[in-house]
Amino acid sequence: MGGKVGPVQNGQPLTYDPSKKGPIKNRSCTDVLCCILFLAFVGGLVAVAFFAYTYGDPKLLLYPVDSNGQLCGLGSHRGKPNLFFFDLVKCGRMGPGVFLNGCPTPQVCMSTCPQKNYVAVADFTTNNKNSLICKDGTDKSAKTVLDLVKDDDCAAYYLKSETVLNRCLPLSDLLNLANNAVTVITDSGEQNLTDSSNSSISGAALNTAKRTTYNLTNETGMTAEDFQRGVSVLQQFLKAKEYGEKIISDIVATWWMMLVILILTMFVSLIWISVMRWIAGIMVWFTIIAFVGLFGFGTGYCFYEYYNSRNGEEAYNIYIAGSTFTFQKARLFLGLGITCGIIFVIVVLILMFLCQRIRIAIALIKEGSRAVGSMMFTLVFPLFPFIIQLVVIGFWAAVLVFLASIGRAQNVGENNVTFANGTVDEDAIKQQTKDLFQQVPCSTDTNDTLGSVCGYLKYGKGDYTIYLQVYNVFMMFWLVNFTIAFGQMTLAGAFSSYYWAFDKSKDIPTFPLLSAVWRCFRYHLGTLAFGSLIIAIVQLIRLMLEYVDQKLKGSENPVAKFFIKCMKCFFWCLEKFLKFINKNAYIMTAVYGRNFCMAAKDAFFLILRNIVRVVVIDKITDFLLFIGKLVVVFAMGTAAFFFFDGRIPYLNTYTPTLNFYLVPIVIVIIGSFVIVTCFFSVYEMAVDTIFLCFCEDLEKNDGSADKPYFMNKDLMKVLGKKNVIDKKDD
């Protein structure tokens, strides 16, 4: 059965062993070296976290940094918490990239944001410098207003601004600015200024400015189109901010209602899994028959239409992506008929050869539902690994933030680390940070198009915190996969104890789940660490490839891009394959207490000897889980839609008034999918465990009194087998 082949190709078939009936109790610790390595790496993560907590301060990330790398509101800028941008247009010209790469314009710290509109061109002739906003240490008396603006020592203009996350942004007058099309610098160099409310520009100054031409375009690189583009980006930011505030208010107003619906999702998922033992066969066979009937009807209909239109000239015009494609009717239906016919024949042939295995798969799925139903706590168990994963991710994020703030912390040290001229006392920094970090001196190149731009803070010699961040990410991958492996092995131990119980009414352990948890902690932490380490390494490589791929997006090297895409595809496939092997290795370890390599080898060859069954049951299980997820998520999403849209009359008194009623609906759909996935992962693990146990049962036993089958009566009936001793399933 199951396409067994010789032991040379697929390993030695299993033989009967009376001492191995279910999860063995006499076992020893496995993969001890991997366990020690795992604990050492966890200790290293604790050391990194301690280091980050000691030298970092997340509050510093809330403070903006000026062009000299100094924190606004702290140190020499105490009392100046707000960051002012000389030219927001340059920020807008960068688009969304400004959030990653920073704004390429001089930035200074201010006590308060500008409270009026000002354009420096109005003072070019008067040389009035009272309204200028300039860099720290700028000697206004040494230059004219025109030279101060040309040299980026002072801002060419500013608008009435408000504080947003300690940044000065022109929120109130931005729309008015765009509507009036105030052009600071045009292509021809003329300043076309439109007076607006709260403007400090006098009429005389406007007339003088309009009569005077200053060609600043070449000096600043800014044109009228740049200005409008920058305003457009800032408007998008304002709209996003407004939408974000409305979405948050909707979530606050409906959080408890969404929680109620998500709790209902848990009960619906539980009910669905419980009834799978009765409806699994109906769903599978109905779908197969409907599929065959659909393609059979489609084949006949397409050839019928082809026969009737074979001598005609009728054609169809199909519009795709703005293009029009013309197909002759006869050829179109002939192609569709051939396609449907090929699919129909393939499906019929598959059914002819795999009908028996489909029946076995359905019986195993039903047995998985019975196993879950007999151990209801297994449905709750995935919540604990899920919570642990959230804690791990939260810990990773906290360490990441603390490490990211270390570079800023060196500007605030306990003692003064800057000289009177604004340069950095590197010796003081090294002393305060134990010689791990240094300040990169600022550039003073005045020929740069951005003027005198400060070199931003680096992380010091060797970029230590960069390596610590990589280590932190790697440990996050390892710990998350370790938690997933722990959940899989625990469930495998519980469900294997169900399968290998000859009399289900009395042979199942009293606390199978707790026993499985104890075996994992007591004996197999090293095996879990080994398997999860392999997955973590592959995931880290994939992350690095994604980083390289992002860096090559602007490259013109097609060969490099091709190899990166190939490597990404290879490691994606490798990760999927390793996860499959790992899960089955954990099942074998949970049952027999073998180390990772032996368990992976035994599971691999066992699957290879039953490869056809594996494919059939895997696809049928995936199909049933997909149908289950679709039904539950769709039902909960529909219920949320009718409730929040006010379409349930007797619940209208509880329906809140929302800005976007789709917000809670989308959150309910996402939350329902997560919950259903957690519940159905238990069901999937039950089917996988029972399947491996079933394959071993067939190879080891023959139904005699000494070697009875442990499979249930439905499976024995499908296979045409029976035990000499009657077996009690319930």
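Before moving on, here are some points about what is shown:
- Just one of (1) open to solvent by less than 40 Å² (accessible area, probe 1.4 Å); (2) closer than 28 Å to L39 by Cβ; (3) within 22 Å of the chain's Cα centre (by Cα) fails for I564. It is (2).
- Test: residue in the range 523-543 that is part of a helix (DSSP H, G or I), under 29 Å from V42 (Cβ atoms), of a type outside the set (D, E) and over 29 Å from the mean Cα position of the chain (by Cα): yes
- Output for the range 8-40, where each listed residue is surrounded by fewer than 18 Cβ atoms within 10 Å (Cβ to Cβ), modelled with pLDDT of 80 or more and not small (G, A, S): N26, R27, C29, V32, L33, I36, L37, L39
- Per-region count, the range 42-75, residues open to solvent by 50 Å² or more (accessible area, probe 1.4 Å) and over 12 Å from I406 (Cα atoms): 6
- Long-range neighbours under 9 Å by Cβ, at least six apart or interchain, first residue more than 20 Å from M716 (Cβ to Cβ) within the range 363-377, second among the β-branched types (V, I, T) and open to solvent by 10 Å² or more (accessible area, probe 1.4 Å): M375/I508
- A Cβ distance below 6 Å, combined with a sequence gap of six or more or placement on separate chains, defines the contacts here; from the range 42-53, residues that are in contact (Cβ under 8 Å) with a residue 24 or more places away in the chain and on the phi < 0 side of the Ramachandran plot reach residues that are part of a helix (DSSP H, G or I) and open to solvent by less than 20 Å² (accessible area, probe 1.4 Å) in the pairs L45/M475; A49/V399; A52/V399; A52/L403.
- Selection count, the range 112-128, where residues are buried (at least 17 other Cβ atoms within 10 Å of the Cβ) and out of contact with any Asp or Glu (no Cβ under 7 Å at 6 or more places or on another chain): 8
- Inspection of the range 546-566 finds no residue satisfying the criterion of being modelled with pLDDT of 95 or more, assigned to a helix (DSSP H, G or I) and farther than 26 Å from N712 by Cβ.
- Single condition S672 does not satisfy, out of (1) touching a Phe, Trp or Tyr at 6+ places or on another chain (Cβ under 7 Å); (2) modelled with pLDDT of 90 or more; (3) closer than 30 Å to Y243 by Cα: (1)
- Filter pass, S505 being assigned to a helix (DSSP H, G or I) and in contact (Cβ under 8 Å) with a residue 60 or more places away in the chain: no
- If you filter the range 129-152 down to residues that are over 21 Å from T112 (Cβ atoms), without any contact (Cβ under 8 Å) to a residue 60 or more places away in the chain and within 51 Å of the chain's Cα centre (by Cα), you find that the one that is surrounded by the most Cβ atoms within 10 Å (Cβ to Cβ) is L148.
- Contact annotation: residue pairs with Cβ atoms under 7 Å, 6 or more positions apart or on different chains, pairing a residue in the range 561-584 that is under 15 Å from Q488 (Cβ atoms) with a partner that is open to solvent by 70 Å² or more (accessible area, probe 1.4 Å) and not β-branched (V, I, T), are I581/F604.
- Qualifying positions in the range 464-510 - under 35 Å from the mean Cα position of the chain (by Cα) and among the small types (G, A, S): A485, G487, A492, G493, A494, S496
- Restricted to the range 635-660, and to residues there that are among the polar types (S, T, N, Q) and outside any helix (DSSP H, G or I), the residue that is most open to solvent (accessible area, probe 1.4 Å) is T657.
- If you go through the range 482-502 and pick out every residue that is open to solvent by 20 Å² or more (accessible area, probe 1.4 Å), assigned to a helix (DSSP H, G or I) and not aliphatic (A, V, I, L, M), you end up with 3.
- Of the numbered criteria (1) touching a Gly at 6+ places or on another chain (Cβ under 6 Å); (2) surrounded by fewer than 15 Cβ atoms within 10 Å (Cβ to Cβ), the one V687 fails is (2).
- Restricting the range 515-531 to residues that are over 30 Å from K707 (Cβ atoms) and aliphatic (A, V, I, L, M), the residue that is surrounded by the fewest Cβ atoms within 10 Å (Cβ to Cβ) is V517.
- Just so you know, in the range 567-615 the residues that are β-branched (V, I, T) and open to solvent by less than 30 Å² (accessible area, probe 1.4 Å) include one that is nearest to the chain's Cα centre (by Cα), and it is I581.
- Meets criteria (open to solvent by 80 Å² or more (accessible area, probe 1.4 Å), charged (D, E, K, R) and not in a strand (DSSP E or B)) for R331: yes
- The residue that is modelled with the highest pLDDT, counting only those in the range 704-724 that are among the aliphatic types (A, V, I, L, M) and open to solvent by 40 Å² or more (accessible area, probe 1.4 Å), is A705.
- Being touching a residue at least 12 places away in the same chain (Cβ under 8 Å), open to solvent by 80 Å² or more (accessible area, probe 1.4 Å), in a helix (DSSP H, G or I) and of a type in the set (A, V, I, L, M, F, W, C) holds for only one residue in F353, F291, F297, and it is F291.
- Check on T378, under 38 Å from the mean Cα position of the chain (by Cα), surrounded by 12 or more Cβ atoms within 10 Å (Cβ to Cβ) and modelled with pLDDT of 85 or more: yes
- Taking the criterion of being in contact with a Leu (Cβ under 7 Å, 6 or more places away or on another chain) and either open to solvent by 30 Å² or more (accessible area, probe 1.4 Å) or not aliphatic (A, V, I, L, M) (or both), the only residue of the range 532-559 that qualifies is I534.
- Residues that are aliphatic (A, V, I, L, M) and under 24 Å from P104 (Cα atoms), drawn from the range 51-85: L60, L61, L62, V65, L71, L74, L83
- Applying a threshold of 9 Å to beta carbon distances and a minimum spacing of six or more residues, or different chains, the list of pairs starting in the range 632-646 at a residue that is of a type in the set (D, E) and ending at one that is buried (at least 22 other Cβ atoms within 10 Å of the Cβ) and part of a helix (DSSP H, G or I) reads D645/I665.
The values are calculated or read from the model by the stated rules, or taken from the named source; none is laboratory data. Note that the coordinates shown come from a computational prediction; the quantities given were computed from them, not determined experimentally. Every residue, glycine as well, gets a Cβ built from its backbone with ideal geometry; the counts of neighbours run over all protein chains shown. Ligands, DNA and RNA are stripped out before the accessible areas are found, and what is left, the full protein with its side chains, is counted by its heavy atoms. Shrake-Rupley method; radii C 1.70, N 1.55, O 1.52, S 1.80 Å.
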